[in-house]
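Here is the structure we will look at, set down as structure tokens.
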Amino acid sequence: AAYTLEARHRVQAIATQLAARRLTPLECERLQGFPDGRTNVPHRGKPAADGPRYKALGNSWAINCARWIGERIEAVETIVAEQAELETA
């Protein structure tokens, strides 16, 4: 069983049989559709800590979902524009 990514204080993990393994930030990036290392932004010359990376991913939108919503908005705007043209003609 895999759980959704959330920006909470609880650990994000995958349950396998009787053991649980925490998802790595890289795995979370890939699940959200981001390129590898997208949230690995150095801070004060050091690699990013995992906590802020998990939070950033939990507060983000999955790329494919955002794209789908954008495509639907564009499709509806096209239909509305075509209807307006027909009404003025």
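Any residue at all in the stretch 3-12 that's modelled with pLDDT of 90 or more, among the β-branched types (Val, Ile, Thr) and either part of a loop (DSSP other than H, G, I, E, B) or surrounded by 14 or more Cβ atoms within 10 Å (Cβ to Cβ) (or both)? Talk me through it step by step, then tell me what you get.
First pass over the stretch 3-12, keeping only residues modelled with pLDDT of 90 or more: none.
Taking every residue of the stretch 3-12 in turn, none turns out to be modelled with pLDDT of 90 or more, among the β-branched types (Val, Ile, Thr) and either part of a loop (DSSP other than H, G, I, E, B) or surrounded by 14 or more Cβ atoms within 10 Å (Cβ to Cβ) (or both).
Checking each residue in the stretch 32-61 for being in a helix (DSSP H, G or I) and surrounded by 15 or more Cβ atoms within 10 Å (Cβ to Cβ) picks out Gln32, Arg53, Tyr54, Lys55, Ala56, Leu57, Gly58.
The values are calculated or read from the model by the stated rules, or taken from the named source; none is laboratory data. Worth saying up front: this structure is predicted, and the values here are computed from it rather than measured. So basically every Cβ, Gly included, is an ideal-geometry build from the backbone, and we count neighbours across all protein chains shown.
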